[in-house]
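What follows is a single structure, written as structure tokens, with notes after it.
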Amino acid sequence: MNNELIFLDYPPSLIAKKLKMCNDYEAKYGASKTVTAWKKWCESYEYRWNEWQWRHNVAKSIKSNTNYGI
């Protein structure tokens with residue numbers, strides 16, 4: 001059985017909505033590191049891909065340290 005996960009990117013409409021939220025927040029409150037990171041996430045497919053890989057690798061590393069089946 002193949003346990004490989006497949007990256008499915010978010011729909012462009014949701015990404016655009018999040019980017020608009022970021023821009024609105026920046027216009028109202030100014031720049032912040034969190035908003036900068038979200039904007040980068042919205043603007044870069046590679047950034048979303050790398051973030052997805054990172055989250056799944058963290059989950060895999062935690063799973064191997066648990067006592068399932070004992």
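With respect to TYR68, determine if the residue is of a type in the set (Phe, Trp, Tyr) and modelled with pLDDT of 95 or more. In short, no. Cβ separations smaller than 6 Å between residues 6+ apart or across chains give the following pairs from the range 30-59 residues that are in contact (Cβ under 8 Å) with a residue 12 or more places away in the chain and under 22 Å from ILE6 (Cα atoms) to residues that are surrounded by 14 or more Cβ atoms within 10 Å (Cβ to Cβ) and of a type in the set (A, V, I, L, M): CYS42/ILE15; CYS42/LEU19.
Does any residue of the range 41-54 turn out to be modelled with pLDDT of 90 or more, assigned to a loop (DSSP other than H, G, I, E, B) and among the hydrophobic types (A, V, I, L, M, F, W, C)? The answer is no; no qualifying residue exists.
Could you tell me whether any residue of the range 2-21 is farther than 19 Å from ARG55 by Cα and modelled with pLDDT under 95?
yes
The values are calculated or read from the model by the stated rules, or taken from the named source; none is laboratory data. What you are looking at is a predicted structure, and each value in this text was computed from that prediction instead of being measured. Reconstructed Cβ throughout: ideal geometry from the backbone, glycine too, with neighbour counts over all protein chains shown.
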